[in-house]
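Asker: Before we start, here is the structure in question, set down as structure tokens.
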Amino acid sequence: MSRRATAARGARTIAVAGVSAAGALLLAACAPTTTTLNYDPSDGVGVSVLGADNTDLRGINLLVVSAAEGEPGNVLGALSNTSAEDATFTLQSPGAGPLVVEVPAGDTVYLNAEAGEPALIDLVTAAPGDYLDATLSVGADTKEFQLPVFDGTLPEYADYVPVEVVEVIEPSASPTE
């Protein structure tokens with residue numbers, strides 16, 4: 001093979017590599033940046049009260065932890081209000097009383113986190129591993145969704161299973177007559 005043929009082959013290889021690299025960069029520039037997308041980072045679900053495009057009022061990573069069907073449950077997740085006005089979120093499920101949480105304008109309230117708002121549903125009508133029909137409302141805006149139900153099987157949820165509080169009466173030190 002001549003020097004001229006070898007040089008031409010090398011030039012073609014460099015040209016193809018350059019075009020391929022430029023094409024890859026062009027495609028990468030057109031792709032959306034996925035780290036800026038909202039998503040639920042755990043086992044819960046996200047709910048936008050005002051629809052998919054308007055995320056001013058939303059539930060983030062919502063789930064409920066209960067010992068069994070028919071028992072109370074702790075709601076985990078967060079409620080976010082990026083609007084300019086305070087909002088009252090109401091979470092309802094069949095057979096249970098409403099859970100009402102006030103969320104100030106521009107704020108997020110974490111439910112059952114270490115420094116968060118306690119959030120208890122008095123009756124969970126779905127078994128752990130199933131979904132609970134639920135409704136999240138803010139004023140007249142309402143969204144129905146499926147709330148996942150967990151129990152204490154997974155270690156990360158074991159501390160959130162509601163336990164019945166039993167009052168213990170200590171006997172007095174001296175008997176009374």
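The values are calculated or read from the model by the stated rules, or taken from the named source; none is laboratory data. Keep in mind that what you see is a predicted model, and the values were worked out from it rather than measured. As a convention, Cβ positions derive from the backbone with ideal geometry for all residues, glycine included, and neighbour counts pool all protein chains shown. Note: areas computed on protein heavy atoms with side chains; ligands, DNA, RNA excluded. Shrake-Rupley method; radii C 1.70, N 1.55, O 1.52, S 1.80 Å.
Asker: With θ taken as phi - 60° and the coefficients 6.51, -1.76 and 1.60, list the Karplus ³J(HN,Hα) couplings across region 131-141 in order, rounded to whole Hz; mark glycine and proline as x.
Answerer: 10, 9, 5, 9, 9, 10, 10, 9, x, 7, 8
Asker: Next up: What ranking of E114, E71 comes out by heavy-atom accessible area, probe 1.4 Å, highest first? Numbers along the way, then the final one.
Answerer: Numbers: E114 195, E71 85 Å².
Listed by decreasing accessible area, they come as E114, E71.
Asker: Further question on the same structure: When all protein chains stay in place, what accessible area (Å², nearest 10, 1.4 Å probe) is found for Y110?
Answerer: Counting only protein heavy atoms, Y110 exposes about 130 Å² to solvent.
Asker: Could you pull out every residue, at least 5 positions away or on a different chain, whose amide H is within less than 5 Å of the one on E117? Hs are placed 1.01 Å off N in the peptide plane, and Pro or chain starts have none.
Answerer: Amide H to amide H, under 5 Å and 5 or more residues apart or across chains, E117 pairs with Y110, L111, N112.
Asker: Further question: Compute, for S48, the solvent-accessible surface of its heavy atoms (probe 1.4 Å) with the complete set of protein chains present, and express it in square angstrom to the nearest 10.
Answerer: 20 Å²
Asker: Would you calculate the separation in nanometres between label points at E156 and E85, each defined as 7 Å from the Cα along the Cα-to-beta-carbon direction?
Answerer: Result for the modelled spin labels: 3.6 nm.
Asker: All other residues with a Cβ under 12 Å from the Cβ of L99 taken together, and with Lys, Arg as +1 and Asp, Glu as -1, what is their net charge? Mind dumping the intermediate values first?
Answerer: On the way: positive: none; negative: E102, E117, D122.
Here the count lands on -3.
Asker: A further question follows. When all protein chains stay in place, what accessible area (Å², nearest 10, 1.4 Å probe) is found for E69?
Answerer: Roughly 110 Å² of E69 is accessible to a 1.4 Å probe.
Asker: If you add up the charges near T135, with Lys and Arg at +1 and Asp and Glu at -1, over every other residue whose beta carbon is less than 15 angstrom from its beta carbon, what do you get?
Answerer: Values: positive: R58, K143; negative: D133, D141, E144.
With Lys, Arg at +1 and Asp, Glu at -1, the neighbours total -1.
Asker: Over region 42-106, what number does the Rg to Rh ratio reach, with both radii from the alpha-carbon atoms and Rh per Kirkwood?
Answerer: 1.00
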